[in-house]
């Protein structure tokens, strides 16, 4: 698996991946919220370290990091559940100082994934950052979480 810095020319493709991923994993999201986020998503990219993750020439997904916080990680649904998310997180742990991630409370699969990757809940808010009625769990990487030798 390889990665590269996202270019503006890739933004439309990343939004398409986001939309497919969210349709599969965020069944609680209202259609009007989905459309608004989809429209606004490209405006966030320039403010983040957005990496595109590929296998050969196929895009698996993308991540967005801001300092010590993983702001987004979305995989094309055909790649979900195949270990790519874990590989991406482990690479990000090695390459950056990620300590935090937020996850929708209703997204049980993402909650389980991040907990397995060494994050634990530190706070909860009733609404998302835009004030929409989607509770958010604020997770922090456990201090005692260590990569096994095979994952370093």
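The values are calculated or read from the model by the stated rules, or taken from the named source; none is laboratory data. Just so we're clear, the structure is a prediction, and the values are computed from it rather than from any experiment. Glycine also receives a Cβ, built like all others from the backbone with ideal geometry; neighbour counts cover every protein chain displayed.
Here is how the numbers come out for the structure above:
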item	result
The stretch 36-63: number of residues that are touching a helix residue (DSSP H, G or I) at 6+ places or on another chain (Cβ under 9 Å), more than 21 Å from residue 127 (Cβ to Cβ) and surrounded by 13 or more Cβ atoms within 10 Å (Cβ to Cβ)	12
Failed item in (1) touching a helix residue (DSSP H, G or I) at 6+ places or on another chain (Cβ under 8 Å); (2) closer than 22 Å to residue 23 by Cβ; (3) at pLDDT 95 or above, with residue 139 passing the rest	(2)
Enumerated strands (runs of 3 or more DSSP E) restricted to the stretch 16-135, each holding at least 2 residues that are over 14 Å from residue 3 (Cβ atoms)	69-75, 100-104, 119-125
Residue in the stretch 25-35 that is within 24 Å of residue 93 (Cα to Cα) and either at pLDDT below 95 or surrounded by 15 or more Cβ atoms within 10 Å (Cβ to Cβ) (or both) present	yes
Any pair with Cβ under 6 angstrom, 6 or more apart, that starts in the stretch 109-133 at a residue that is within 17 Å of residue 75 (Cα to Cα) and ends at one that is part of a strand (DSSP E or B) and at pLDDT below 95	none
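Residue-by-condition table, conditions (1) surrounded by 17 or more Cβ atoms within 10 Å (Cβ to Cβ); (2) closer than 20 Å to residue 141 by Cα:
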{"site": "19", "(1), (2)": "no, no"}
{"site": "72", "(1), (2)": "yes, yes"}
{"site": "75", "(1), (2)": "yes, no"}
{"site": "82", "(1), (2)": "no, no"}
